[in-house]
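Visitor: Below is the structure I would like to discuss, written out as structure tokens.
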Amino acid sequence: KPVPPTDEQLEILEYNFCKVNKHPDPTTLCLIAAETGLSEEQTLKWFKQRLAEWRKSEGLPSETGSVRD
């Protein structure tokens, strides 16, 4: 069962999501994963879930369409 990110990891993830890129490319994702100590898979999953939450809070459809945020 996956372990939820620590507060420190969440801080790094949130910073990257809000200030850097909501849609990190594979290289950036790899760097974020290395910085947090999470796997790339866990990091990607977190970004997908966080993006869905963000879209919902903005009143947008939860699926990503052709329009980039």
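The values are calculated or read from the model by the stated rules, or taken from the named source; none is laboratory data. These numbers come from a predicted model, not from an experiment. Methodologically, a virtual Cβ is constructed for each residue, glycine included, from the backbone with ideal geometry; neighbour enumeration extends over all protein chains shown. The protein model used for the area step is the full one, side chains on, heavy atoms only, and it has no ligands, DNA or RNA in it. Shrake-Rupley method; radii C 1.70, N 1.55, O 1.52, S 1.80 Å.
Visitor: If only one of GLU8, GLU53 is of a type in the set (D, E, K, R) and either at pLDDT below 95 or open to solvent by less than 50 Å² (accessible area, probe 1.4 Å) (or both), which one is it?
Guide: GLU53
Visitor: Which condition does LEU29 not pass, out of (1) touching a helix residue (DSSP H, G or I) at 6+ places or on another chain (Cβ under 7 Å); (2) open to solvent by 50 Å² or more (accessible area, probe 1.4 Å), if it passes all the others?
Guide: All conditions are met except number (2).
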